[in-house]
Each structure stands twice: as structure tokens, then as C-alpha cells.
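Working notes for the structure below.
The values are calculated or read from the model by the stated rules, or taken from the named source; none is laboratory data. Treat the numbers as computed from the prediction; the structure is a model and nothing was measured. Cβ placement follows ideal geometry from the backbone for every residue including glycine, while neighbour counts extend to all protein chains displayed.
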Amino acid sequence: MSDTTTQHPVEPGAAPAHTGPHGYASDKEAYLKRMRRIEGQVRGIARMIDEDVYCIDILTQVSAVTKALQAVSIGLVEDHLGHCVVDAARSSEAEGAAKVREASEAIARLVRS
């Protein structure tokens, strides 16, 4: 059986690509359900704009979507730390350090957004 996983190039000093199941694998359906709900909320916001709904009402919905995406992000960070980072650290100190750096960079991007 061939591996159809897309491999991403690894920069020098970067964490090696994760080859096993991802940290969110056990919660995949829940994540997909949440993302479908968020997708519906975003479509609702577009509809509100199309229907010339009051600005504050639209902003309220944008805030709700933002909070929902933040909740997904926090869950993915927890799954990544608890699974991917822990597995890498068990593998070797260098792999663990690379995964911690990768997670720190991802968290920094979330904080800036």
C-alpha cells in the first residue's frame, strides 16, 4: 500500500513532518461539526450584509464566529501539545525542541491575529 500523505519540505532546524495520526484524530468529527457550524455562521453574515442588516448586528455575529474559531484553535493547540509535541519529545530531545518551537510560532501567529 502506498502512502498518499502530502510531504511538506522541512526547513533546516524545523520540526520533522509528523508521520502518525494527528493529535486531533480522536476528535476529528467534532472538529468537522464545529467547522460546519462556523461555515454556516459565515454564510449567515454574508446574507446579513446582502440584506442590509444593521452594522452592530453584523458585528455581533462576526464576534461570535471569531470566538468559535478561537475555540477551535485552542483545542487544536491542546491536541498538538498533548500528542505531537509529547511524541516528538519522547523520540529525541532535538525533535521535541523543534516541535516546541513550531508550536510556539503557531501560538504567536494566533495571538497576532
Suppose we filter 60, 5 for residues that are farther than 22 Å from residue 109 by Cα, out of contact with any His (no Cβ under 6 Å at 6 or more places or on another chain), modelled with pLDDT under 75 and among the β-branched types (Val, Ile, Thr); which single one remains? 5
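In this structure, is residue 21 at pLDDT 60 or above, in a loop (DSSP other than H, G, I, E, B) and surrounded by 10 or more Cβ atoms within 10 Å (Cβ to Cβ)? Full working, then the answer.
Values: at pLDDT 60 or above: yes; in a loop (DSSP other than H, G, I, E, B): yes; surrounded by 10 or more Cβ atoms within 10 Å (Cβ to Cβ): yes.
It is true that residue 21 is at pLDDT 60 or above, in a loop (DSSP other than H, G, I, E, B) and surrounded by 10 or more Cβ atoms within 10 Å (Cβ to Cβ).
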Which of the residues spanning region 87-106 are surrounded by fewer than 15 Cβ atoms within 10 Å (Cβ to Cβ) and within 16 Å of residue 75 (Cα to Cα)? 104, 106
